[in-house]
Amino acid sequence: MVATLVKLKWRLTLNAVTKSTWAVVGTVIGVLYGLGVLGMVLAGAVGLGLRTDTQVIALLMGVLGALLVAGWAVVPLLVTGVDSTLDPRAMAAWTAPSRGLAIGLLAAGALGVPGCLTAVICLVPALTWLVAGQILAALLALLCAPAALATCIILSRIVVTAVGVSSSRRGRETTAIIAFLSFLVATQLPNLIPRIIGDDIAGFLERLKTIAQVMGLTPFGWGFTAPGLIATGSALPALMLMIGAWIVPVALFPVWQRVVGRVMTSPGTAQTRTRAYSSRGRRIGDGHADPRGEGQIDVLPWAHRLGSVLPRPAAAVAARCLRYWRTDPRYLVQLLSILLVPVILVLVPALNSSRFVIIVNGQRLGGSLALGHAPVLLLCMAPALAMFMGWVIHDDLGLDSTALWSHISAGTSGAHDRLGRVAGAALWQVPLLIAVEVTMGAWTGYWAALPAVSGACLALYGCALGWSCLTNVLLPYETLAPGDSPMRSRTSGTALLASIVQAVAMLLLLAVCSPVLGAAAYGVVQGSPMWGWAALVLGGAWCSLALWGGVVVGGRLLDRRGPQVLATIRSWPGHAQPV
């Protein structure tokens, strides 16, 4: 059974790789990149053994090994979940749980591409210790390498299979969102290092060394720490850690067997929630619905609430968009993106510059993160957030996928569609913008700048929304299909088009709003209330004109190009299924 499962794993992998020319090209590029990274790792291992002290080598090997084992438990859980070809649930219809099946699933995982790469990395400590002249440590590293690899594979399969993220759509969506957020946070850690270290570099390094030692002595790092101990003369602790490194996978294997048996024999449980819609109002005597609208099923409650201020079709579109923002993981990822991008562009630089003092209109600003004394650069948070919030609906029709046909077949006017999408976004974005603006004003203590900042926010937000109403009709580009993981890559070759559209759009928005932004910046720098209020008035005018143009002109374009846009969406991979 072991050989059969390994053969099946590789057959499915090769079929997926060779299904198209672009898949082959991507695989070749990925292999070349992986070989390049592996070459750098080997070169680093040799250099570490040649020029580094034994104590440092032992410390680095222990902490890096612990991170490797922990990564096998966490990264597959966040990024993709367990491979469906290795999920015991997929085997339940063909075989019964057994020891041979459990071993075969582990072997197939170990002999896959990630497992093979991990096996090579587990042998790197032996190379480093050999180059360093520590023969006993190199031999011990060779003995510990299989135990470390087995721990990685078994721990990964237990965690991911027991959690069951691959068995439900909601589980995959949730982990994908967490992974996206974790990725963005991890990419910004280098920017926060100066703030974390501060002025006490020696103390920071000492704390870092203590953390590394503790991580190496956890069960995750036993197999990588043992060679370092014997190299530094601690033979007995090294032997104890080596034995412990082998005990870990031996102890985990019965747990894996129980997990396999449980997921293959337990009845499936529903992972979705149901909701009963309540009937609004009452029925009249003859059983027909009240002509005033009472007795209707309240499927979209916000459509009823917005119907008093918006046309009914626009209110229905807005209510549906609000539901997407709450429940669709693709929209949730966009929400996280627009919240984090201003943090990356404004907050992180402001935190790193807090040690500098800026003089604005004779006032000393910056130099502290205390309430009322934060860097004045933080005032840019709200305008940056306004621009990205307005821009976020620029491909909203693509996210609708083929459900757009319901708008076209129902005869919904383009202006109502545009107005509904703008209202659905503004209902939650505007309160958030106001909260951020007030928070930044309180944090910096520069309340006099609020009119200027508000004018900049109005101009950028209105122009971004208006431009989005045009671009999602004129330049739709591929988005993820409904139900796809937010971490999945687009495949139709439109990623370059998307990046070009976004870069050009941002430059155009800044250029169009430059009069308002210039007046706002001048008012803040000079401390002139007159220029601040002038920027507020200009920003309101810019916002109104841009929204009117986006709704009216974008609506006319959608009336004329609606079927063409729908045909474009249907040509994207994954979007042609019936809805």
*Based on the alpha-carbon gyration tensor of segment 309-570 and its eigenvalue square roots a ≥ b ≥ c, which shape applies: rounded if a/c is under 1.5, prolate if not and a/b is larger than b/c, or oblate?*
prolate
*What is the distance in Å between the Cα centres of segment 385-459 and segment 511-525?*
21 Å
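What length, rounded to one decimal in nm, is gained on full extension from residue 40 through to residue 116, with 0.36 nm per residue of separation minus their alpha-carbon distance?
Numbers: separation 76, 0.36 × 76 = 27.36 nm, distance 1.69 nm.
Computed gain between residue 40 and residue 116 is 25.7 nm.
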*PRE reach from residue 406 (point 7 Å along Cα→Cβ): which of segment 543-566 fall under 17 Å by backbone N?*
566
*Given a Förster radius of 60 Å and the C-beta distance between residue 545 and residue 70 as r, what FRET efficiency does 1/(1 + (r/R0)^6) yield to the nearest 0.05?*
0.65
*Using 7 Å Cα-to-Cβ label points, what is the residue 434/residue 139 separation (nm, one decimal)?*
7.6 nm
*Rough spin-label spacing in nm, given labels placed 7 Å along Cα→Cβ, for residue 576 and residue 341*: 3.2 nm
*residue 32 versus residue 213, label points 7 Å from Cα toward the beta carbon: distance in nm?*
4.6 nm
*Efficiency of FRET between residue 371 and residue 561 - r from beta-carbon atoms, R0 51 angstrom, step 0.05*: 0.50
_Karplus-derived 3J(HN,Hα), 6.51/-1.76/1.60, for each residue of segment 330-345, Hz, glycine and proline x_ = 5, 6, 5, 5, 4, 4, 4, 5, 5, 7, 8, 4, x, 4, 5, 7
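Computed from the coordinates by the stated procedures, all read-outs in this text should not be read as laboratory data. What you see is a predicted model; the values in this text were computed from it and never measured. Cβ atoms come from the backbone with ideal geometry, glycine included; neighbour counts cover every protein chain shown.
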